[in-house]
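Worksheet: one structure, shown below.
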Amino acid sequence: MDQPQQADRVSGPSRAAEDACARIAADTAPVMLWLTTSDRRFEWFNVAWELYTGHSVDDLRRDGWLGLVHPEDAERCAGIYATSIEARHPYVLDYRLRRHDGSHRWVLESAVPRFDGLGEFVGYTGSVVEIHERKQLEERLAERTQALRLAERRQGAFLAMLSHELRNPLAPIANAASVLRTLETGSPVLVRLREIIERQVGRLTRLVEDLIDVTRSAQGQISLVAERLAVDTWVQSAAAASREALERGGHTLDVQLPERPLFVRGGPARLAQALANLIHNAAKFTREPSRIGLEAHEVDGRVEIVVRDPGQGIAPQFLPHVFELFAQQDQSAGRKPAGLGVGLTLARRIVQLHNGDIAAFSEGAGRGARFVLSLPLAGDAEGDAAPDLDGPPLSESFRVLIIEDDDDTREALRLQMEMWNNEVRMAATAEEGLRAAAAFRPHIVLCDIGLPGMDGFQLLGPLRTQLAGQRTLFAAITGHARIQDEARALEVGYDSFLVKPMQPGALARLLRACADPGA
């Protein structure tokens, strides 16, 4: 009879032994533990709590624990605590708890309700763990994130202002060069000077456009008009846009296209801009006159365009950063930095907006580089060819009113429009513009939206009232390229939005639109 009793004693610990083990585990746990009764009274804290706070369970009855909570957190904690108990729900909250040395430290408290065998609520079981260092790190990260966002907004505002200030002088220079073209007959010197002006204005304009576009793309403000685009047409457009950079370096572009026509879907101008940036990059970082390769081929329902150069290559440590904004590889050989470090960033962002990507590869310094642009293929059907809207203007003439406060821009626009046999009136302020509109009755109004006093947005309403009863085309002109400016201009009622410096082709399209309302 004694044998089974002995077996029972050996088979497991007694209840007292279990309680002792539980007590040891609770008191040696690396977290603070507590129990409450159903009426919210604290009935037990473990040793970790007493050591951390310097208070025993006898010191803290009912809600006396709130006296250890930082005053700024006490009301929030009390509300969460009371609401959770009333609903018998678990809760998690963080707050600052006063430590035994008097300092307040961030802690994380978690609690769950307890129920007996009959389902009756008997209190809460909770734990408290210090998270002070983690909380401080989170706060520093939040402050850093806020500072970065503020810096990004300021950068965007600065670049928008910079583009406006640069576009204003570029506009009259570009238009003056266009007028010089009509006066250079028989004068090689004038031809050469005009070519230099146009080339340098083009380079400056490209730098400004890249700065603005990379900022707009980061803010999700680049709008795309997608259409089916033949890959060979896309490549030819990018190659034509890169011709000057290639010729300047003495490079030759070797293009290999697949025999079967391939098509993608996207914005032709933006995709050509992205690919041209890759070609420009290859030309800039290849010092000696060389052959730069461009090869397109189909891979698993996508088109891959590979731009390969034998130039200075990319160091392994810089390769992961090659697409970062303003990133410049260290050029210890003394060569000045090429560009602003925005071309590759912009190219990749444009391609990513088309559900594609660009990857960079290099075997190291002096061993060339390879950029692979990948896009999903569209169907094989031929797309409609885009009409040529950049040709010469119609022979028909129009009355054109130019409202622009910058003297050089106003004069250059006048010369351009008069060269195309249009009759022009000019105004430097909104008030002058209203008087000129009443007397001149223009077919086209070119209005700067940045006028002093009454700006171009405010002026449009009175202008339309002044010219009621006749068809007039209103075009907003500005040095800003921000999407919000264009959206606002179209929203208030402008028919067109032109960004300085205005190319002759853009003005020609405006004249075509005036001649043909359906254009």
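Inspect all residues belonging to the stretch 468-477 and state whether any of them is modelled with pLDDT of 90 or more and of a type in the set (Lys, Arg). Within the stretch 468-477 (the criterion being modelled with pLDDT of 90 or more and of a type in the set (Lys, Arg)), the answer is no, since none of the residues qualifies. For Ile173, indicate whether it is in the same structural domain as Glu209 (by TED's automatic domain parsing), of a type in the set (Val, Ile, Thr) and at pLDDT below 90. Considered against the rule, which asks whether it is in the same structural domain as Glu209 (by TED's automatic domain parsing), of a type in the set (Val, Ile, Thr) and at pLDDT below 90, Ile173 comes out as yes.
Out of Tyr91, Tyr81, report the one residue that is closer than 17 Å to Trp34 by Cα, assigned by TED's automatic domain parsing to the domain that holds Leu33 and out of contact with any Ser or Thr (no Cβ under 9 Å at 6 or more places or on another chain). When all the criteria are applied, what remains is Tyr81.
Quick test for you: out of Phe318, Phe326, Phe263, pick the one residue that is closer than 23 Å to Leu377 by Cβ, assigned by TED's automatic domain parsing to the domain that holds Gly366, within 28 Å of the chain's Cα centre (by Cα) and of a type in the set (Phe, Trp, Tyr). Steps first, answer last, please.
Numbers: Phe318 fails: closer than 23 Å to Leu377 by Cβ; Phe326 fails: closer than 23 Å to Leu377 by Cβ.
Only one candidate qualifies: Phe263.
Could you tell me which of the residues Leu346, Leu325 is of a type outside the set (D, E, K, R), buried (at least 20 other Cβ atoms within 10 Å of the Cβ), under 30 Å from Glu152 (Cα atoms) and modelled with pLDDT under 90?
Working: Leu325 fails: buried (at least 20 other Cβ atoms within 10 Å of the Cβ).
Answer to the selection: Leu346.
Of Arg98, Arg76, Arg23, Arg105, all but one fail to be farther than 28 Å from Glu138 by Cα and of a type outside the set (A, V, I, L, M); the exception is Arg23. Under the condition of being closer than 18 Å to Asp94 by Cα and at pLDDT 80 or above, which residue from the stretch 49-64 is surrounded by the most Cβ atoms within 10 Å (Cβ to Cβ)? Here the answer is Trp49.
The values are calculated or read from the model by the stated rules, or taken from the named source; none is laboratory data. Nothing here was measured: the structure is a model prediction, and the numbers come from that model. Methodologically, a virtual Cβ is constructed for each residue, glycine included, from the backbone with ideal geometry; neighbour enumeration extends over all protein chains shown.
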